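*Asks:* Quick one: the structure is below, questions incoming.
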Amino acid sequence: MSDPISNFSIDRLKVEVYADRRSTGRNAAVVVRDRIVKLLSGQENVRIIFAAGPSQNEFLEELSLVNGVAWSRVVAFHMDEYVGLKRNSNELWGSYMKEKLFGKLDFKKVHYLDPEPQEPEEECKRYAALIEEAPIDIVCLGIGENGHIAFNDPGVADFNDPETMKIVNLDEICRQQQVHDGCFASVEQVPRQAMTVTVPPMLSANFLSIVVPGPAKAKAVLDTLKGEITTSCPASILRRHKDAVLFLDVQSAAEVMRQGIATHH
């Protein structure tokens, strides 16, 4: 692990800033590893929900390489999936997670969302029941350019959502981000709907690892840390979690640094 170039807290949210994407991902991976090991010392299994997306590349790669984790005692979920893509599509988040992490390690169980269900509502219920079987221990998430967490965009995010999983319409900033990230060639190819875990199940976890690198996220990071806690920036709710760490690189932290919310150490 390397030392952060800055670390501070906003409300209850701990923030660590690293020099580059790789060290951001590596340090987050070590922290998550240590949490898993600690939890497994006192319980049979650990249940983790993972975000998918290019912002998680370095973190997931580093996590797949850490030593000392009994992955055969870890149950894994991914937090969202597009509606309307074919089961063999490379653009699916399930395909991404299989390539980056789920297919590399010997998990006890990996639960995938079905992107081609006959009834998306029923698939949400099925997946929600799996999530609700036992407490979620860790959530590894990112933050979208519009401040979304999972696919809870402004406008559909509900901090007191009664559902565990739901179908959402993706807003245009969110859909455009999928093109910026290189996941789709054009916005016309990006599905308009997705199944997503809602905000309350994420906040119910013991620990949140929030990995947010890159210049495109600087505004969302600023909105997350500054101002009121509101669904207009869904990630702002992360400031209320009892044990969460936001891992940034200097690019994603640029606006926070410029406005003096964080100071270099």
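Computed from the coordinates by the stated procedures, all read-outs in this text should not be read as laboratory data. What you see is a predicted model, and the numbers here were worked out from it, not measured in a lab. Backbone-built Cβ (ideal geometry, glycine too); neighbour counts: all protein chains shown.
*Asks:* Rounded to the nearest 20 debye, what is the charge dipole size of the chain about its Cα centre when +1 sits on each Lys and Arg Cβ and -1 on each Asp and Glu Cβ?
*Replies:* 760 debye
*Asks:* Does segment 149-265 come out rounded, prolate or oblate, given a ≥ b ≥ c as the square roots of the eigenvalues of its C-alpha gyration tensor, rounded meaning a/c under 1.5 and, failing that, prolate meaning a/b above b/c?
*Replies:* Verdict is oblate for segment 149-265.
*Asks:* Filter the GluC sites (Glu not before Pro) in segment 89-157 down to the DSSP loop ones having no more than 13 other Cβ atoms within 10 Å, then list what survives.
*Replies:* E133
*Asks:* Would you mind working out the magnitude of the charge dipole of segment 158-207 relative to its Cα centre, with +1 at each Lys and Arg C-beta and -1 at each Asp and Glu C-beta, to the nearest 20 Debye?
*Replies:* Here segment 158-207 has a charge dipole of around 100 debye.
*Asks:* Report, ordered by chain and residue number, the lysines lying within cross-link reach of K109, taken as a straight Cα distance under 26 Å and ignoring same-chain residues fewer than 8 apart.
*Replies:* Candidates past the 8-residue exclusion: K38, K86, K98, K100, K125, K166.
*Asks:* Still on this model: Return the loop-located trypsin sites (Lys or Arg not before Pro) in segment 20-108 (DSSP other than H, G, I, E, B) with at most 15 other Cβ atoms within 10 Å of their own Cβ; answer none if there are none.
*Replies:* Sites meeting the loop and neighbour criteria: K86, R87, K104, K108.
*Asks:* Another question about this same structure. Say the dipole of the chain comes from +1 at the beta carbon of Lys and Arg and -1 at that of Asp and Glu; which of T231, V32, N67 then lies farthest toward its positive end?
*Replies:* With unit charges placed on the Cβ atoms, the residue in question is N67.
*Asks:* In units of 2.2 N^0.38 Å, what is the alpha-carbon radius of gyration of segment 1-103?
*Replies:* Cα Rg divided by the expected 2.2 N^0.38 Å: 1.19.
*Asks:* Also, I was wondering about something else. Which of the trypsin sites (Lys or Arg not before Pro) across segment 116-197 are loop residues per DSSP, with 16 or fewer other Cβ within 10 Å?
*Replies:* Passing sites in segment 116-197 are R192.
*Asks:* Nothing charged except the Cβ atoms of Lys and Arg (+1) and of Asp and Glu (-1): what's the magnitude of the dipole of segment 55-203 about its Cα centre? Round to the nearest 20 debye.
*Replies:* Around 500 debye, computed over segment 55-203.
*Asks:* Could you tell me which label, among [x] 55, 44, 30; [y] 53, 43, 34; [z] 44, 40, 32, carries the value of Cα extents along the principal axes in Å calculated for this structure?
*Replies:* Entry [y].
*Asks:* Another question, then. Lys and Arg at +1, Asp and Glu at -1: add these up for the other residues within a Cβ distance under 11 Å of I5 and post the number.
*Replies:* Here the charged neighbours net out to -4.
*Asks:* Listing S6, S209 from the residue with the fewest other Cβ atoms within 10 Å to the one with the most, what is the order?
*Replies:* S6, S209
*Asks:* Just how far, in whole angstrom, is segment 130-170 from segment 1-62 if you go by their alpha carbon centroids?
*Replies:* Distance between centres, Cα-based: 19 Å.
*Asks:* Near K219, which lysines are there with a Cα under 23 Å away, not counting those fewer than 8 places off in the same chain?
*Replies:* Here the lysines satisfying the reach criterion relative to K219 are K14.
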